[in-house]
Amino acid sequence: MVASLKVPTALRRITDGADHLDVPLGTLAEAIDALDEKFPGLRDRVLDEDSGDIHPFISIFLNGNDVHYIRGLDTGLSDGDEIVIVPAIAGG
């Protein structure tokens, strides 16, 4: 049983070009740790080095819901869940 992570284009060089990854069930933090073991550097792109929280310029959605409004990194994952990482876009 797994959840699925949709990998944004900006992170695909870390994931060897993969646009979707299976992630183990548990909490979102545990899933990020497991992915970082397989794809070193992923955690550093998603989590703030100092606080350990989700980087201010990153949004993470679980089944369309912003995890900041659920339980943040403590959000539990269920079989079939879809995680989407959305990096901030700058411009003007």
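The values are calculated or read from the model by the stated rules, or taken from the named source; none is laboratory data. Being a predicted model, the structure only gives us computed values, none of them experimental. FYI the Cβ positions are ideal-geometry reconstructions off the backbone, even for glycines, and counts take in every protein chain you see.
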Practice problem: Specify the residue that is nearest to V86 (Cα to Cα); the eligible residues are those in the stretch 15-39 that are touching a residue at least 24 places away in the same chain (Cβ under 8 Å) and in a loop (DSSP other than H, G, I, E, B). | Solution: T15
Quiz item: Does I58 fit the bill of being over 17 Å from K6 (Cα atoms) and among the β-branched types (V, I, T)?
Solution: no
Quiz item: Out of (1) loosely packed, with under 12 Cβ neighbours inside 10 Å; (2) touching a helix residue (DSSP H, G or I) at 6+ places or on another chain (Cβ under 8 Å); (3) hydrophobic (A, V, I, L, M, F, W, C), what's the single condition that is false for I89?
Solution: (2)
Exercise. Identify all residues within the stretch 68-92 that are under 16 Å from V7 (Cα atoms) and without any contact (Cβ under 8 Å) to a residue 60 or more places away in the chain; write none if there are none.
Key: A88, I89
Quiz item: When residues of the stretch 70-86 are filtered for being within 12 Å of the chain's Cα centre (by Cα) and either part of a strand (DSSP E or B) or modelled with pLDDT under 95 (or both), how many remain?
Solution: 6
Practice problem: Could you grab me the full set of residues in the stretch 38-63 that are polar (S, T, N, Q) and under 13 Å from the mean Cα position of the chain (by Cα)? | Solution: S59, N63
